[in-house]
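The values are calculated or read from the model by the stated rules, or taken from the named source; none is laboratory data. Please read all numbers here as calculations on a predicted model, not as lab measurements. When we count neighbours, we look across all protein chains shown, and the Cβ atoms used for this are built from the backbone with ideal geometry, even at glycine. Accessible surface is based on the protein model in full, side chains and every heavy atom, while ligands, DNA and RNA are left aside. Shrake-Rupley method; radii C 1.70, N 1.55, O 1.52, S 1.80 Å.
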Amino acid sequence: MDFNLKIPVRVISGKDCLKNGAGELSAFGKKCILITGGKSARLSGALDDALCALKEAGTAFTVYDGIGPNPRLDHCHEAAKKAVDFGADFVLGIGGGSALDAAKAVAVYAANPAFEQEDIYRYSQAERNRALPIVLVGTTAGTGSEVGRVSVLTNPATGRKKSIAPDDTNPSLTFADSTYTHSMPYDVTVSTALDALAHALEGYMSVKCGDIPTLFGEKAVSLIWQGLKVLWQTKQLPDEAMREKLYYGSLYAGITLAYCGTAFPHPLGYILTENYGVPHGKACTAFMGSFIDRASVYCPEKTARIMAVMGTDTEEFKKVIDELTGLHEIKISREDILRHCERFDTIPANFKFSPGGFTKEDALKAFARFAK
């Protein structure tokens, strides 16, 4: 057994925790830059609550709302210049995973104003200034970015996604209020829940998973699977109680992710997002059937355990995930599959941590489901 434990993120949870958080925000400085993606922060009510709290705290702020899905290096770099010009003491990110991941990158760039865009990958934490403090507010039940250090960014020069995960991009504070997820439409609710499930299961099955992330992973899937079954059966939005389960399930999954990282469904899913416009969550669970089949071979006892926690079996699990994910209309030529998988000539860490390991040849087989 092991009890290695490191959870450096402080979380304040519950209804109106942000609205009542002026005292917490005032501790981070007199000026902040607020990073959002436009609509979700405002529709959820989180933006208005944040602005009220900042005003009550006497904190001056400026807003950058140009973050889109799959946040781009150039947009984060641009936001950081605005933060530097404003003299921001900290970064406040509000939104789904894209806005929260972008806030982490902005915090790094703003503390290192001489950085070019790709320098965020080139320099380790020891070789640069420490990122500005980061405060996060999630509005989706998906990435769990609120409780971890990972930031997945898109390089506009290549169109490819790549992550950073230094210790100083762990948020200093997260406000977790599930009511901000109530404005999510059905398809976004499904995709983000699928993303959260992928985080939990990929981390849970990882060769890196010890006792602590196992506990968080099992709690995550027990909550998320309930919500996914409702979404699958009713084809309707969940009620408030189920919204809460999905949201906190995504945070439990985020902690499992922070400990263990992801496995092969994530880097394979990046290809579907980058080239075929598939939302991130569905792109990852496009390969979840292959992942569970592999886990059943290489870690059968753990696979049986997690299915029991969810109250299902592998066949029902794959059926539900496949139908919620969809994507049956996507067809990829053999030539394009070969081209896409060239990036795996160098085996990514996600492959090495997958059950039984994973290779480029395995990736080609996984993509066969899309072959035309």
Here the qualifying pairs (Cβ atoms under 6 Å; residues six or more apart or on different chains; first in the stretch 225-239 and touching a residue at least 60 places away in the same chain (Cβ under 8 Å) and under 14 Å from Gly249 (Cα atoms); second among the hydrophobic types (A, V, I, L, M, F, W, C) and open to solvent by 40 Å² or more (accessible area, probe 1.4 Å)) come out as none
Considering only strands (runs of 3 or more DSSP E) wholly within the stretch 3-85, the ones with at least 1 residues that are free of Cβ contacts under 8 Å to residues at least 40 places away in the same chain, closer than 24 Å to Ala105 by Cβ and open to solvent by 20 Å² or more (accessible area, probe 1.4 Å) are 60-64
**Message:** Take Lys55 and tell me if it is among the basic types (Lys, Arg), closer than 19 Å to Val135 by Cβ and in contact with a helix residue (DSSP H, G or I) (Cβ under 6 Å, 6 or more places away or on another chain).
**Reply:** no
By residue number, the members of the stretch 151-200 that are closer than 21 Å to Lys39 by Cβ, open to solvent by 10 Å² or more (accessible area, probe 1.4 Å) and of a type in the set (D, E, K, R) are Asp187
Residues in the stretch 161-175 that are in a strand (DSSP E or B), within 15 Å of the chain's Cα centre (by Cα) and closer than 27 Å to Arg243 by Cβ total 1
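Per-residue answers, yes or no, for (1) surrounded by fewer than 21 Cβ atoms within 10 Å (Cβ to Cβ); (2) not aliphatic (A, V, I, L, M):
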position: Gly254; (1), (2): no, yes
position: Ile271; (1), (2): no, no
position: Phe291; (1), (2): no, yes
position: Lys302; (1), (2): yes, yes
position: Gly311; (1), (2): yes, yes
Practice prompt. Consider Val147 carefully, then state whether it is β-branched (Val, Ile, Thr), modelled with pLDDT of 95 or more and farther than 25 Å from Gly87 by Cβ.
Written response: yes
Residue check: is Lys208 out of contact with any Lys or Arg (no Cβ under 9 Å at 6 or more places or on another chain) and either modelled with pLDDT of 95 or more or farther than 23 Å from Gly289 by Cβ (or both)? no
Selection from the stretch 176-198 of residues among the aliphatic types (A, V, I, L, M) and not in a helix (DSSP H, G or I) yields Ala176, Met184
Counting only residues in the stretch 115-150 that are of a type in the set (D, E, K, R) and assigned to a loop (DSSP other than H, G, I, E, B), the one least open to solvent (accessible area, probe 1.4 Å) is identified as Arg128
Restricting attention to the stretch 336-372, the residues that are open to solvent by less than 90 Å² (accessible area, probe 1.4 Å) and of a type in the set (Asp, Glu) number exactly 2
Scanning the stretch 316-335 residue by residue, the ones that are without any contact (Cβ under 8 Å) to a residue 60 or more places away in the chain and either open to solvent by 10 Å² or more (accessible area, probe 1.4 Å) or more than 29 Å from Val188 (Cβ to Cβ) (or both) total 13
Within the stretch 256-269, the count of residues that are touching a Leu at 6+ places or on another chain (Cβ under 9 Å) and open to solvent by 20 Å² or more (accessible area, probe 1.4 Å) comes to 0
Note: among Gly144, Gly96, Gly138, just one is within 21 Å of Ala50 (Cβ to Cβ) and in contact with a His (Cβ under 8 Å, 6 or more places away or on another chain), namely Gly144
